[in-house]
Amino acid sequence: MEKTFLMVKPDGVQRELIGEIVSRFEKKGFHLVGAKLMSVSKELAEQHYGEHKERPFFGELVDFITSSPVFAMVWEGENVIATARQMMGSTNPKDAAPGTIRGDFGVTVGKNIIHGSDSPESAVREIGLFFKEEELVEYSKLINNWIY
Ligand code: RTP
Ligand code: MG
């Protein structure tokens, strides 16, 4: 089954939105297989956002993500990568539809509450950056028989 890496960013943690965000993915029918509250080191931030190294906002992005703890998660389910991105909404909250996480809770692009992997390749890379294999838990939930 497909897995994705999702992360409540420092603004989401500070604003006490962890529960709200976890709840949305639980209610959707996805399966939580790993989660932890953690600080992001400068090295990890630079690796995670490596694709944006040449962008003018790279320094700000690294400073922001290392400024306060994040809540890192791995979720599993059919098409979870694309569906989670839809549930997050557009990168800039001003363009994000109501009903999406960024549309409901965000205002500015620099503080847009949540990160989600944008492709299967990013998901594998990001899960590997943030989680050791033994931190991911494989288990069954009977409720999934009513979803899949
Ligand atoms: P993310 O990686 O955080 O899930 O967000 P995303 O895919 O929707 O957007 P991406 O293009 O990967 O950009 C990463 C993060 O950089 C910040 N950003 N700032 N100041 C700016 O113009 C600007 N553009 C992007 C955002 O916080 C975005 O989530
Ligand atoms: Mg991205």
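Details
- Within the range 85-107, the residues that satisfy the criterion of being among the hydrophobic types (A, V, I, L, M, F, W, C) and either near ligand 1 (Cβ under 10 Å from one of its atoms) or surrounded by 14 or more Cβ atoms within 10 Å (Cβ to Cβ) (or both) are 87, 88, 96, 101, 105.
- Test: residue in the range 8-20 that is under 30 Å from residue 138 (Cβ atoms), part of a strand (DSSP E or B) and not acidic (Asp, Glu): yes
- For the range 81-89, the condition of being farther than 13 Å from residue 25 by Cβ, in contact with a Ser or Thr (Cβ under 7 Å, 6 or more places away or on another chain) and not polar (S, T, N, Q) holds for at least one residue.
- Residue 23 being closer than 30 Å to residue 146 by Cβ, loosely packed, with under 13 Cβ neighbours inside 10 Å and either of a type in the set (Ser, Thr, Tyr) or within 12 Å of ligand 1 (Cβ to nearest atom) (or both): yes
- Only residues that are touching a strand residue (DSSP E or B) at 6+ places or on another chain (Cβ under 6 Å) and without any contact (Cβ under 8 Å) to a residue 40 or more places away in the chain were counted across the range 46-87, and they come to 1.
- Of the criteria (1) crowded, with 17+ Cβ neighbours inside 10 Å; (2) touching a residue at least 40 places away in the same chain (Cβ under 8 Å); (3) not acidic (Asp, Glu), which one residue 110 fails: (1)
- Scanning the range 92-107 for residues that are polar (S, T, N, Q) and either within 21 Å of residue 26 (Cβ to Cβ) or in contact (Cβ under 8 Å) with a residue 60 or more places away in the chain (or both) yields a count of 1.
- Residues (hydrophobic (A, V, I, L, M, F, W, C) and in contact with a Phe, Trp or Tyr (Cβ under 7 Å, 6 or more places away or on another chain)) located in the range 102-117: 113
- Residue within the range 129-142 that is within 14 Å of ligand 1 (Cβ to nearest atom), more than 22 Å from residue 27 (Cβ to Cβ), within 15 Å of the chain's Cα centre (by Cα) and touching a residue at least 24 places away in the same chain (Cβ under 8 Å) present: yes
- A residue that is aromatic (Phe, Trp, Tyr) and either modelled with pLDDT under 95 or closer than 16 Å to residue 68 by Cα (or both) cannot be found anywhere in the range 5-26.
The values are calculated or read from the model by the stated rules, or taken from the named source; none is laboratory data. The model shown is predicted, which means the values in this text are computed figures rather than measured ones. Methodologically, a virtual Cβ is constructed for each residue, glycine included, from the backbone with ideal geometry; neighbour enumeration extends over all protein chains shown.
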